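Engineer: Supplied in structure tokens, the structure appears directly below.
The values are calculated or read from the model by the stated rules, or taken from the named source; none is laboratory data. The structure presented is a predicted model; accordingly, all values stated were derived computationally and were not measured. Every residue, glycine as well, gets a Cβ built from its backbone with ideal geometry; the counts of neighbours run over all protein chains shown.
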Amino acid sequence: MVTTSVRNAMLSRLGGARAMQRVASPSIVIGLGSTACQITRQLEDATSSWNAADRKSLGFLYMDTREATRDEINRAARFIGLNLPHFSNLRDMRPWITECVPELRHLSLSREGALGMLANAGVAARYNYANIRGHIDALIGDVCPYYEGKTYLRIHLVAFLGGGTIGALPILLAALSEARGTAYNFSTVLHLLMPQRGMSRDPDNSYPLQLRNTYATIQFLR
């Protein structure tokens, strides 16, 4: 139900129902985390029947600490795997990481995903920052070509507040802020999903952690 309501809201923002087949302004949709990537994929599927001009004005970017998400989306889609640095590349960085993020002192690099920890996603996003910036810049150039006189762009960012990958949100917003410094004039719309006890796989254990992640992220956004 949550996925359906968010998808419908996004379709409305992007230009209305399928019958209209019109995009009001060039837009990029970014799915951050497994839940958001699934919503973004459904949205991309819903726009597949729109005319070529409308599809050209839409870009989709998927970001997740879970590599398996790559296989669950369109193969032609842009996907950024927020992988943690390999252990051999982490030696010089470990003092900085453990000083700034004590929770990662005993970090296991063999496990996939953020594991519900904001710090894991935060480090992964910093490690992949250049890749994030590169994909964002390329997408902007695709959907909003400056040589065609298009300078207005809207970014839709979808994320689940209770997940560990939400820890990458500050770094993603920083990357978007750098893109703001270009000749493009664009706005960012956040579509943030709240955790629900009845939707949690393990209400007694994971739900309190989801609430913790939500509180920490909202405090940052304030």
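Engineer: How many residues, within the range 72-83, are outside any strand (DSSP E or B) and modelled with pLDDT of 85 or more?
Structural biologist: So in the range 72-83, the residues outside any strand (DSSP E or B) come out as 72-77, 82-83.
Of the ones still in play, those that are also modelled with pLDDT of 85 or more are 82.
Within the range 72-83, residues that are outside any strand (DSSP E or B) and modelled with pLDDT of 85 or more number 1.
Engineer: Could you give every pair whose Cβ atoms fall below 6 Å, whose first residue belongs to the range 127-150 and is modelled with pLDDT of 90 or more, and whose second residue is among the basic types (Lys, Arg), counting only separations of at least 6 or pairs across chains?
Structural biologist: From residues that are modelled with pLDDT of 90 or more, the pairs are 135/78.
Engineer: If a residue has to be at pLDDT below 80 and either under 21 Å from the mean Cα position of the chain (by Cα) or of a type in the set (S, T, N, Q) (or both) to count, how many in the range 175-198 make the cut?
Structural biologist: At the first step, the residues of the range 175-198 found to be at pLDDT below 80 are 180-184, 197-198.
Next, only the ones that are either under 21 Å from the mean Cα position of the chain (by Cα) or of a type in the set (S, T, N, Q) (or both) stay: 180-182, 184.
Here the count works out to 4.
Engineer: Under the condition of being assigned to a strand (DSSP E or B) and touching a residue at least 60 places away in the same chain (Cβ under 8 Å), which residue from the range 161-191 is surrounded by the most Cβ atoms within 10 Å (Cβ to Cβ)? If you could, list the steps in order and put the result at the bottom.
Structural biologist: Our first condition is that a residue be assigned to a strand (DSSP E or B); within the range 161-191, this holds for 185-191.
Within this subset, residues satisfying the condition of being touching a residue at least 60 places away in the same chain (Cβ under 8 Å) are 189, 191.
Numbers: 189: 13, 191: 19.
Per the criteria, the residue is 191.
Engineer: From the list 19, 53, 24, which residue is at pLDDT 75 or above, in a loop (DSSP other than H, G, I, E, B), within 23 Å of residue 143 (Cβ to Cβ) and over 17 Å from the mean Cα position of the chain (by Cα)? Before you say what the answer is, go through the steps one by one.
Structural biologist: Details: 19 fails: at pLDDT 75 or above; 53 fails: in a loop (DSSP other than H, G, I, E, B).
Every option except 24 fails the conditions.
Engineer: Test each condition in (1) within 20 Å of residue 129 (Cα to Cα); (2) at pLDDT below 90; (3) buried (at least 19 other Cβ atoms within 10 Å of the Cβ) for residue 158 and report the one that comes out false.
Structural biologist: Condition (2) is where residue 158 drops out.
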